[in-house]
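Accompanying notes for the structure given below.
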Amino acid sequence: KILVLLRDGRKLLGLLRSFDQFANVVLEGACERIIVGDLYCDIPLGLYVIRGENVVLIGELDLEKEELPAHMTCVSTAEIKRAQKAEKDATVLKGSMRKRMEFLDFD
């Protein structure tokens, strides 16, 4: 079982079935893991082919260890999408507030 981190920030988990010299990867039983704060959701994808140019990192997962800390809560796809949107909106708001306050020069 492996974890693949993609260039766009997505995290995919699945069984490694094949790879080549260009880091193209085939995952069986793949799922996308979305983590927002203490919430997470695994979205099933099935058989998944990943182009090597999108791969940032590939790591083997230990099947005998617990994958996530105990404080993490599994939620539905709809809930994680809402949490993702709220997190993105907060980041945009923080950036716009920082831009408006640049004239104060806190340094």
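Just a few scattered comments:
- Residue check, Arg51 basic (Lys, Arg), in contact (Cβ under 8 Å) with a residue 12 or more places away in the chain and in contact with a Leu (Cβ under 8 Å, 6 or more places away or on another chain): no
- Elements of the type strands (runs of 3 or more DSSP E) sitting completely within the stretch 16-89 and holding at least 3 residues that are open to solvent by 40 Å² or more (accessible area, probe 1.4 Å) and hydrophobic (A, V, I, L, M, F, W, C): these cover 39-50, 55-60.
- Top-ranked residue of the stretch 81-95 - restricted to ones that are among the aliphatic types (A, V, I, L, M) and modelled with pLDDT under 90, ranked as nearest to Asp38 (Cα to Cα): Ala90
The values are calculated or read from the model by the stated rules, or taken from the named source; none is laboratory data. Note that the structure is predicted; figures quoted are calculated from it, not measured. Neighbour counts run over all protein chains shown; Cβ positions are idealised from the backbone, glycine included. Note: areas computed on protein heavy atoms with side chains; ligands, DNA, RNA excluded. Shrake-Rupley method; radii C 1.70, N 1.55, O 1.52, S 1.80 Å.
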